[in-house]
Amino acid sequence: MNNQHCVFCGTDGVNGFCDDSAKDYSSYRCHNCGNYRTKPFVSTDNFLADLPLSAHIIAGYLYETNRGKEDFIVVNADFCEQAEYAGKIPKTAMQQCEKLLINLYTCNESEGIFRLVKNSQFPEVSIRFASMAYCKSNELWVLHHLITLLNDTGYISVSNDTYQKTYTTTTSNGQRVLPGFNTEFRLTAKGYERAEQLLSTNIDSKNVFVAMWFDKTETDAAWEAISNAVRQCGFEPFRVDKHEHNNYICDEIISGIKQSKFVIADLTGYRGGVYWEAGYAKGLGREVILTCRKDWCNGEAKDNKRIHFDLEQIVRIEWTPDKLDEFESSLKSRMIATVDGAKLTD
Ligand SMILES: [Zn+2]
């Protein structure tokens, strides 16, 4: 079953088949979305209506996370939930612009010159741009609008833009007038710089990875204070054991840190995992705020042990279970002082 439409991005030429290893599923290979499986469905509309995300959002997420991979990922309601949780789906026009910028930067195609063409001759190229920006492929004027915004901000330079209701093109049958536009653009030096900045520091992420000992009696009260402080500064705290997931925990930790803007590491209990996560985050260039329960700092909690000397010398916020309000407010002050974009929300 070749040359089908991709149910998510809408591109033609999708290779669909049923294979023995997944009898309950149909498998597809799409140039934009990569390899995916779905439960067999009779009607596209009904299938999409059962999923909690729109087709073009799924297409964008697949483009970003699945394209070029060998394995077939199952797209179902669980997949959509994970996609939402991953924090990658853009919510505003400017976030869509930045997605487009990053995806143009990383796609290594077209020798730096990109053409958005809306006519019947080059649909697949325009659909790819639509996936890059989480746009609907049948509403390319939205994509065109994002390109105009990127041009306004100076991140791309549009050199040729014949946005019009009709478009003249030469085909083997002579000249034809088609509806559409023909927009040529390239990334500017400022655009390259911005894309690299976005890729290296996750500058616009709202996620804060919290590395800590998962223990009900020892650290749960501190988690409350940390998550309150993080939310009040306009961010969303993420602690691995608070989220259901199907991936290996280590993958979840790595992707959680990568997607975070900064990390809070609580050293209470001297957990090896927490040290590892703090170091990994630091290596990625993330700000790391250290905290620790006071009796685990001064050796009172266990056998006169202290924080490892590598981290001992770094300023940290100490807390005690009876003064969690103070801890919360110190943490807020630290975030506002050291994290770009941290500010108290109402
Ligand atoms: Zn597709």
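Take every DSSP beta bridge whose two residues both sit in the stretch 15-85; close to 80 percent of them are antiparallel. For the stretch 202-338, the C-alpha radius of gyration sits at 0.98 times the compact-globule guess of 2.2 N^0.38 Å, with N the residue count.
List, in the order given, every pair from Lys258/Lys343; Lys261/Lys323; Lys261/Lys302; Lys190/Lys332 whose Cα-Cα distance in the structure shown is over 30 Å. In this structure, Lys261/Lys302; Lys190/Lys332 lie more than 30 Å apart at Cα. The mean sequence distance of close C-alpha pairs (under 8 Å, at least 6 residues apart), as a share of the length of the stretch 202-338, puts its relative contact order at 27 percent. Here the dipole of the stretch 202-338 is about 340 debye; that uses its Cα centre as origin and unit charges on the Cβ of Lys and Arg (positive) and Asp and Glu (negative). Taking the alpha carbon gyration tensor of the stretch 15-85, multiplying each eigenvalue by 5 and rooting it gives semi-axes of 17, 16, 11 Å, largest first. Placing dummy labels 7 Å off each Cα toward the beta-carbon, the span from Lys88 to Val315 is 3.6 nm.
We did not get these values from a lab; they are worked out from the coordinates using the rules stated. The model shown is predicted, which means the values in this text are computed figures rather than measured ones. Neighbour counts run over all protein chains shown; Cβ positions are idealised from the backbone, glycine included.
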